[in-house]
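Contents: one structure, followed by commentary.
The values are calculated or read from the model by the stated rules, or taken from the named source; none is laboratory data. No experiment lies behind these values; they were computed from the predicted model shown. No Cβ is skipped: glycine too gets one built from the backbone with ideal geometry, and neighbour counts run over all protein chains shown. To get the accessible areas, we keep the full protein, side chains included, count just its heavy atoms, and leave off ligands, DNA and RNA. Shrake-Rupley method; radii C 1.70, N 1.55, O 1.52, S 1.80 Å.
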Amino acid sequence: TFSPRTMPGSDPLSRQPTGQDTAYAATREVIPLSEDSTAWWNLRNAPCFRETLMWSIGGASIMGALQAIRRRPGIHIGNVTVGTFTFLSLTCWGVCRYETTMRHKAVSDALVEQNSRQAAIERANREKAAQEKAGKA
């Protein structure tokens, strides 16, 4: 069975820990996907889903309440509420996915940079060892 566990400091795109990414770990939690192939429809595991719903439902409720306070007709209240929910859902989802993609790209770029630095250090160490070996001979 699948037990929801949080993985602080995880990247939602790769579902792998990203190390000491404290700004990300402090603000969001990632629940890993189960290994069950039929769980693709389980939206609570989708990145940005919870945050998008929180903002959308809250914003739509406030707009609906403001329309009710202004004594608007019921159909108008419904239209404003649904419209606000739709607008906020699409906007929040897009912004959150963009931020997630940029964070993933930054981590990937940092790993590439780290790997290239490590390769340069190893290459320099091999050259130094070859020079010392040539000097002894």
Review point. Do we have any residue at all in region 97-110 that's at pLDDT below 95 and in contact with a Pro (Cβ under 6 Å, 6 or more places away or on another chain)?
Key: yes
Review point. Assuming THR84 fulfils every condition listed in (1) open to solvent by 40 Å² or more (accessible area, probe 1.4 Å); (2) modelled with pLDDT of 80 or more apart from one, which condition is it?
Key: (1)
Check your understanding: Does region 32-54 contain any residue that is at pLDDT 90 or above, among the hydrophobic types (A, V, I, L, M, F, W, C), assigned to a helix (DSSP H, G or I) and open to solvent by 90 Å² or more (accessible area, probe 1.4 Å)?
Key -> yes
Check your understanding: Across region 99-128, what is the number of residues that are open to solvent by 70 Å² or more (accessible area, probe 1.4 Å) and either closer than 17 Å to PRO47 by Cα or more than 29 Å from the chain's Cα centre (by Cα) (or both)?
Key -> 10
**Study point:** Single unsatisfied condition, CYS96 versus (1) open to solvent by 70 Å² or more (accessible area, probe 1.4 Å); (2) at negative phi
**Key:** (1)
